[in-house]
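The structure under discussion appears below in the form of structure tokens.
Coordinate-derived values only; no laboratory data. All values derive from a computational prediction rather than experimental measurement. Here the Cβ is made from the backbone with ideal geometry for all residues, glycine too, and neighbour counts use every protein chain on show.
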Amino acid sequence: MNQDPDRACQSHADYIVDEANDYALAFVCSHVFDASKAVLLVARENNDLMCMCGEFHEDDETYHVIGAEDLIARDQTLSKIVELSNDMAAERAAIGEPWMHLSLTSDEPNSTT
């Protein structure tokens, strides 16, 4: 895949947006990237969206950047979760289970969806 150095990604509002394509981007772990595991943990910190499998990763884990719409195409239940506010996280036990929303700045759960 050729990457155009002029295609800048910048933070806009609550999303990192690929300006050339105008869609939200997400950092994902290798398990989510290769679709071997479902997204069970979503967090937005410093306006960066992170979608992870929720399992342990080695210190040298390689994280990837993909379009949030690609994740939603795999799992429609992510459509509202990727709109998390900054400094919030959501976690679930499995696809179809309710999401537990957590503040990254507080230890108390906020709500479930």
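Computed from phi, the 3J(HN,Hα) profile of the range 64-69 under the Karplus parametrisation 6.51, -1.76, 1.60 (θ = phi - 60°) reads 10, 10, 9, x, 4, 5 Hz, with x in place of Gly and Pro. Put simply, the amide H of GLY54, placed in the peptide plane, has neighbours under 5 Å in LEU40, LEU41, leaving out anything fewer than 5 places away on its chain. For LEU49, nonlocal amide neighbours, meaning residues 5 or more places apart or on other chains whose placed amide H falls under 5 Å from its own, are ILE16, PHE27.
Ordering ARG44, ARG92, ARG74 by the number of other Cβ atoms within 10 Å of each residue's own Cβ, fewest first, gives ARG74, ARG92, ARG44.
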